Amino acid sequence: MLDLFGKAILDFQTNNSPEDIITETNISSADEMDVAYLFRSYKEMPKLEKKALQLSKGKVLDVGCGAGSHSLYLQNEKNLEVTSVDISEKAIQSCKLRGLKNAKILNILDLGNEKFDTILLLMNGTGIFGTLAETSKYLLKLKSLLAPNGQILIDSSDIIYMFDEDDDGSKWIPADGYYGELTFTISYKNQTEEAFPWLYLDYNTLQNAAYANGLQCELIEKGKHFDYLARLF
């Protein structure tokens, strides 16, 4: 694994000539992302992320923490005990350089029997599930990590808007599988990562998956662009 996302984060953190990250999916063309966005302050965050941070309490697990901006706010501004995990070695290196006290290179599925009051999965938190078929495995793992009265705060988007419409308003949606299952490719500094699955879940599908795995699910807030924040408990 080239860990290009982590490389971009570490380059920015260490002023090593960072460049834009190029992302592409199987249903959309290449898109440039300024890596500085991953280092945004609380004031610069979208309202759904701010809401999730406001609702965070107790012992927190930040899953797929990236550059650690959410964790830093919770640690430094709310004085919460935060564990930040990501599969990217370089991202975690960057998190430590930024002052995160407890950042670990870890796949969430490999986390031991710790318990948390709040589990955060932000910036399309359902993405790490990969496919709809894998979603239950992740939800059951997250559920096992919840302390009594604990909560999972997760965001995603209904990407139905990305598909073309017929004259009658119906959508051209692929018949093979769920339309939120995408394949992502990341390029950075003339290198391209191997494509990986990334899942966007509409709220109803997330809610159904939650119920199927013994979790309650409530819609906390909707964003401006088909995105939403949900709370599972």
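From the residues in the range 210-233 that are in contact with a Lys or Arg (Cβ under 9 Å, 6 or more places away or on another chain) and assigned to a loop (DSSP other than H, G, I, E, B), which one is surrounded by the most Cβ atoms within 10 Å (Cβ to Cβ)?
L215
Return yes when K115 is closer than 14 Å to L146 by Cβ and open to solvent by 50 Å² or more (accessible area, probe 1.4 Å) and no when it is not.
yes
Please enumerate the residues belonging to the range 76-92 that are under 19 Å from I108 (Cβ atoms) and in a helix (DSSP H, G or I).
If the condition is that a residue be under 19 Å from I108 (Cβ atoms) and in a helix (DSSP H, G or I), then E89, K90, A91, I92 are the ones that fit.
Got a sec? Which of F163, F129 is aromatic (F, W, Y), open to solvent by less than 50 Å² (accessible area, probe 1.4 Å) and touching a Ser or Thr at 6+ places or on another chain (Cβ under 9 Å)?
One residue alone meets the criteria, F129.
From the list D20, D34, D110, exactly one residue is of a type in the set (D, E), closer than 19 Å to M1 by Cβ and out of contact with any helix residue (DSSP H, G or I) (no Cβ under 6 Å at 6 or more places or on another chain). Which is it?
Of D20, D34, D110, the one residue that is of a type in the set (D, E), closer than 19 Å to M1 by Cβ and out of contact with any helix residue (DSSP H, G or I) (no Cβ under 6 Å at 6 or more places or on another chain) is D110.
Which one is nearest to D176 (Cα to Cα), of the residues in the range 96-134 that are polar (S, T, N, Q) and in contact with a strand residue (DSSP E or B) (Cβ under 7 Å, 6 or more places away or on another chain)?
Among them, the one singled out is T131.
Check the range 102-115 and report whether any residue there is assigned to a loop (DSSP other than H, G, I, E, B), among the aliphatic types (A, V, I, L, M) and closer than 19 Å to L232 by Cβ.
Yes, the range 102-115 has at least one match.
Please give the number of the condition L206 fails out of (1) closer than 24 Å to I92 by Cβ; (2) hydrophobic (A, V, I, L, M, F, W, C); (3) in contact with a Ser or Thr (Cβ under 9 Å, 6 or more places away or on another chain).
(1)
Rundown of residues vs (1) farther than 19 Å from L153 by Cβ; (2) surrounded by 14 or more Cβ atoms within 10 Å (Cβ to Cβ); (3) acidic (D, E), yes/no style:
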{"position": "E77", "(1), (2), (3)": "no, no, yes"}
{"position": "V82", "(1), (2), (3)": "no, yes, no"}
{"position": "D86", "(1), (2), (3)": "no, yes, yes"}
{"position": "S94", "(1), (2), (3)": "yes, yes, no"}
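Can you pull out the residues in the range 160-209 that are among the aliphatic types (A, V, I, L, M) and either assigned to a strand (DSSP E or B) or modelled with pLDDT under 95 (or both)?
Hits for the range 160-209 are I160, M162, I173, A175, L182, I186, L199.
Just need a number here: residues in the range 9-38 that are open to solvent by 30 Å² or more (accessible area, probe 1.4 Å) and not in a strand (DSSP E or B).
Residues that pass the stated criteria total 14.
Find the residue count for the range 49-67, including only residues that are within 12 Å of M123 (Cβ to Cβ) and in a loop (DSSP other than H, G, I, E, B).
4
The values are calculated or read from the model by the stated rules, or taken from the named source; none is laboratory data. Treat the numbers as computed from the prediction; the structure is a model and nothing was measured. Cβ coordinates were reconstructed from backbone atoms using ideal geometry, including for glycine residues, and neighbour counts include every protein chain displayed. Quick note on the areas: whole protein, heavy atoms, side chains included, nothing else; ligands and nucleic acids left out. Shrake-Rupley method; radii C 1.70, N 1.55, O 1.52, S 1.80 Å.
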